[in-house]
Amino acid sequence: MPELYRLTDTADGRDVARNVSTLAADISPEIDKIIADLAQRIFSGEKITFDPDLLRETAQTYIKAIKKGYGKGLADVEWNSPDFKTLEKLVENVFKFSASKNYNTLRDMSLLLKDGDGVRSFDDFRKEVDKLNIKYNHNWLRTEYNQAVSSSQCAARWTEYGKRAEKNPFLQYHAVMDANTRAEHAALNGVIKRYDDDFWDEYYPPNGWGCRCEVIQLPGKNYKETPKEDMKFCKVDEAFKVNVGKTGKIFSEEHPYFMQRCRECNGTPQNLAVHPQCAACVKATKMCKELIEGNLEIVDKDGKPLDKKVLDTSPAKGFNFKQLGDVVNNKMKELKCGTEVSQKVVVRKNNVRLFLENGVMTFAAHFNKKKDNSLVVELFSIRVDEQWQKKGIAKSIIANMFEQSKNIGINKIKFTAKKDGSYTWAKMGFKAKNRKSIQGIKDERVTKMVKDYYSKHDENTPFPMQDIAEQEWGEKVLKEMLWLSEVEFVY
């Protein structure tokens, strides 16, 4: 099948691209187990054209490569930032690629049932499947992994170059000029073009399997572009005539895994019954969406689904809801409790409401834009089932909310502490806004503490609720109190 991979024999010395491991440790050992199970099912007569477990493990291999090459993953960057958008496109591409690889692998496995006019025994079939698996999910997957690392490095550079393009508009092509350099790549060495020149749509590296070329951004503006007549020998294989930084295509539709119709598809395949590979792509796209967004639903005030782009102009711009979901899910996995968290985001004018829940906890917060254009986050409620309290669930949510809010320019966080939350917030060191904001005091010891404090401080001074939480009787008393807190960020 992919004749392109003939270029990646390690003997030719080319598969030594940037910081790439030819024995990729990130390739999942689970794939061999999945293939063994699929072989049994196929031999038993089951017709399989798509397997979600195989696709998931394959895609995760590429996603690890993306993170290794790019230097960060989706959970590490701000929602809808330039880095997020580039990483999102890279991940979407490898999911579609994984779907096509999935279909090709299963098709070829099914063809191995017959040996000429006869039918193979199970032992013979398994031997042939093992050979096929070595080809698809060891040799070829290793090459694809390395390509994903290299392409992601180039994509990261392109995103960074775009941030500085106004001051440094010129880019220069650099080939590694040694005995292993391909002639068509050597011909590109030294070419200078502007960042926004169409030239980079076809010639931005990597420009082949194991390509070691790179592009650098030249400082300042005093450079001349390379004339077209000086580039008449510059050629690149059709499968690599793509700018991965712009398109996110680590693997273009020219790759042999893809069908001709993939090149004509607008991303939403029609007539799915016509070809099972199209159906596999649709399922992969759905799986990808769930991975990128988490279990996230974005709606308007009437419950109508909205595109996530609406968040770009909302008070929650830049907030990574997926990251928050991952924080909670990772905590749940650590504690072995609950189910995957679901998030609902309701977008209104100057207001975004977040609702987060699973089997053991609920959380609600509002992002508001005030009349003076200040951005305020109000944390409305956080509830954790009693048996899972004091295990860090609420603390992990609060810590991420504060970290992200500060990073995206929120001016103030407000919350009303009551019941279980009253003790949790106090123990974490949060203060009541002022004397008036402390309500529901029924204990003489608290009354005395508040009175003594404000005898030495102005009544608008925040009160250290942690002083109450540290008392032996503090937890019980605080759960009967209500108090308002505000935290302002200074930039």
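Scoring E293 on the criteria (1) out of contact with any Leu (no Cβ under 8 Å at 6 or more places or on another chain); (2) charged (D, E, K, R); (3) surrounded by 13 or more Cβ atoms within 10 Å (Cβ to Cβ); (4) at pLDDT 90 or above leaves a single failure, condition (4). Just checking, how many residues over the range 442-491 are assigned to a helix (DSSP H, G or I) and touching a residue at least 24 places away in the same chain (Cβ under 8 Å)? Of the residues in the range 442-491, 9 are assigned to a helix (DSSP H, G or I) and touching a residue at least 24 places away in the same chain (Cβ under 8 Å). Answer yes if at least one residue in the range 45-55 is assigned to a loop (DSSP other than H, G, I, E, B) and either of a type in the set (D, E) or crowded, with 21+ Cβ neighbours inside 10 Å (or both), and no otherwise. So far as the range 45-55 goes, yes, one or more of its residues are assigned to a loop (DSSP other than H, G, I, E, B) and either of a type in the set (D, E) or crowded, with 21+ Cβ neighbours inside 10 Å (or both). With the condition kept exactly as written, say whether any residue in the range 401-415 is assigned by TED's automatic domain parsing to the domain that holds L324 and farther than 30 Å from W79 by Cα. No: zero hits. When E128 is tested against (1) surrounded by fewer than 17 Cβ atoms within 10 Å (Cβ to Cβ); (2) among the acidic types (D, E); (3) without any contact (Cβ under 8 Å) to a residue 40 or more places away in the chain, exactly one condition is not met: (1).
If you check K304, K322, K289, which single one turns out to be of a type in the set (K, R) and over 15 Å from the mean Cα position of the chain (by Cα)? Working first, answer last.
Working: K322 fails: over 15 Å from the mean Cα position of the chain (by Cα); K289 fails: over 15 Å from the mean Cα position of the chain (by Cα).
Going through K304, K322, K289 in turn, the sole match is K304.
Hey, among I66, I27, which residue is within 25 Å of L87 (Cα to Cα), at pLDDT 95 or above, of a type outside the set (S, T, Y) and in the same structural domain as M109 (by TED's automatic domain parsing)?
I66
Inspection of the range 331-354 identifies at least one residue that is of a type in the set (S, T, Y) and within 20 Å of L74 (Cα to Cα).
Number of residues in the range 194-234 that are crowded, with 19+ Cβ neighbours inside 10 Å and either in a loop (DSSP other than H, G, I, E, B) or among the aliphatic types (A, V, I, L, M) (or both): the value is 12. Could you list, in sequence order, all residues of the range 319-343 that are part of a loop (DSSP other than H, G, I, E, B) and closer than 18 Å to L356 by Cα? Within the range 319-343, F319, N320, C337, G338, T339, E340, V341 qualify.
Taking into account only those residues within the range 235-249 that are modelled with pLDDT under 90 and out of contact with any helix residue (DSSP H, G or I) (no Cβ under 7 Å at 6 or more places or on another chain), which is surrounded by the fewest Cβ atoms within 10 Å (Cβ to Cβ)?
E238
Listed here are the residues, each with its yes/no results for (1) closer than 30 Å to E334 by Cα; (2) modelled with pLDDT under 90.
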site	(1), (2)
S422	yes, yes
K433	no, no
K436	no, no
I441	no, yes
S455	no, no
E470	yes, no
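Which one of these is surrounded by 18 or more Cβ atoms within 10 Å (Cβ to Cβ), touching a helix residue (DSSP H, G or I) at 6+ places or on another chain (Cβ under 8 Å) and closer than 16 Å to I397 by Cα: V352, V327? None of the other options fit; the residue is V327.
From K427, K414, K448, which residue is over 19 Å from A364 (Cα atoms) and out of contact with any helix residue (DSSP H, G or I) (no Cβ under 6 Å at 6 or more places or on another chain)? Just one listed residue meets the conditions, K448. Just one residue in the set F84, F97 is at pLDDT 95 or above, among the aromatic types (F, W, Y) and either closer than 26 Å to K289 by Cβ or in a helix (DSSP H, G or I) (or both); that residue is F97.
Within the range 376-404, the set of residues being under 25 Å from G318 (Cβ atoms) and surrounded by 20 or more Cβ atoms within 10 Å (Cβ to Cβ) comprises V377, L379, I382, I393, A394, I397, I398, M401, Q404.
The values are calculated or read from the model by the stated rules, or taken from the named source; none is laboratory data. These numbers come from a predicted model, not from an experiment. Counting neighbours? That spans all protein chains shown, and the Cβs are built from the backbone with ideal geometry, glycine included.
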